[in-house]
Amino acid sequence: MNHAFADDSLWEKTVQVSRSWIGTPYRHMFAARGRGADCTMFLAKIFESVGILKMPKIEYYPKDWFIHTDQEIVLEGLASAIKHSITNGFYAEMFRFEGQEFLRGDLLCFALNKNGITNHAGMWLEDSRIIHSINNRGVSILTYRPALWNHRLTNIFRVYKGE
């Protein structure tokens, strides 16, 4: 098995599709380019568009769920969606961040809250950049600064392609 995005044509298509969403506003539990998307739905639509996933059904959760529970709803939902919706020829691995180098296309999961519950995700684009959808900015590219982000990074999903 090889890292899926080592395939330059798949990677270029993924970047092209993801960049076409830039400027889409943040909208909880939604995924329509130009109309709105949250972080997990945005990433699922990108992976669907390039043939890695069949669009998964993501169960409803309230915007502020992470304040009221210690359940890893986003992390578990993303893991379940990938596991049950990944297309033939691909598989994904989830692992805890322990200082590993990121590979293009990695899905980075973050805890942007005081209780350490994963509540955000974005995709590594290379060159210290991620693309994500976040409240008040929508789909945008962010320069990744390790001093700011690494302590918030909880898990990484990496996609592989069979031979």
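The values are calculated or read from the model by the stated rules, or taken from the named source; none is laboratory data. Bear in mind that the values here come from a model prediction, so they are computed numbers and not experimental data. Heads up, the Cβs are rebuilt from the backbone with ideal geometry, glycines too, and the neighbour counts pull from every protein chain shown.
Here are a few things to note about the model shown:
- Matching residues in the range 122-136 - criterion: being at pLDDT below 95 and closer than 18 Å to Asp38 by Cα: Ile134, Asn135, Asn136
- Residues satisfying the stated conditions in the range 1-33, i.e. assigned to a loop (DSSP other than H, G, I, E, B), touching a residue at least 12 places away in the same chain (Cβ under 8 Å) and surrounded by fewer than 19 Cβ atoms within 10 Å (Cβ to Cβ): Met1, Asp7, Ser20, Ile22, Gly23, Pro25, His28, Met29, Arg33
- Within the range 116-149, considering residues that are polar (S, T, N, Q) and farther than 20 Å from Gln100 by Cβ, the one farthest from the chain's Cα centre (by Cα): Asn136
- Leading residue by the ranking (nearest to Cys109 (Cα to Cα)) among those in the range 49-75 that are acidic (Asp, Glu), out of contact with any Ser or Thr (no Cβ under 7 Å at 6 or more places or on another chain) and touching a residue at least 12 places away in the same chain (Cβ under 8 Å): Asp70
- In the range 117-153, residue surrounded by the most Cβ atoms within 10 Å (Cβ to Cβ) [restricted to those that are touching a helix residue (DSSP H, G or I) at 6+ places or on another chain (Cβ under 7 Å) and not hydrophobic (A, V, I, L, M, F, W, C)]: Ser133
Yes or no, residue by residue, for (1) of a type outside the set (Ser, Thr, Tyr); (2) at pLDDT 90 or above; (3) closer than 24 Å to Ala6 by Cα:
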residue: Met94; (1), (2), (3): yes, yes, yes
residue: Gln100; (1), (2), (3): yes, no, yes
residue: Asn113; (1), (2), (3): yes, no, no
residue: Val139; (1), (2), (3): yes, yes, no
residue: Trp149; (1), (2), (3): yes, yes, no
residue: Ile156; (1), (2), (3): yes, yes, yes
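- For the range 72-115, the set of residues classified as under 13 Å from the mean Cα position of the chain (by Cα), part of a loop (DSSP other than H, G, I, E, B) and among the charged types (D, E, K, R) consists of Arg104, Asp106, listed by residue number.
- Count of residues meeting criterion [farther than 24 Å from Asp8 by Cα and touching a Phe, Trp or Tyr at 6+ places or on another chain (Cβ under 9 Å)] in the range 116-132: 4
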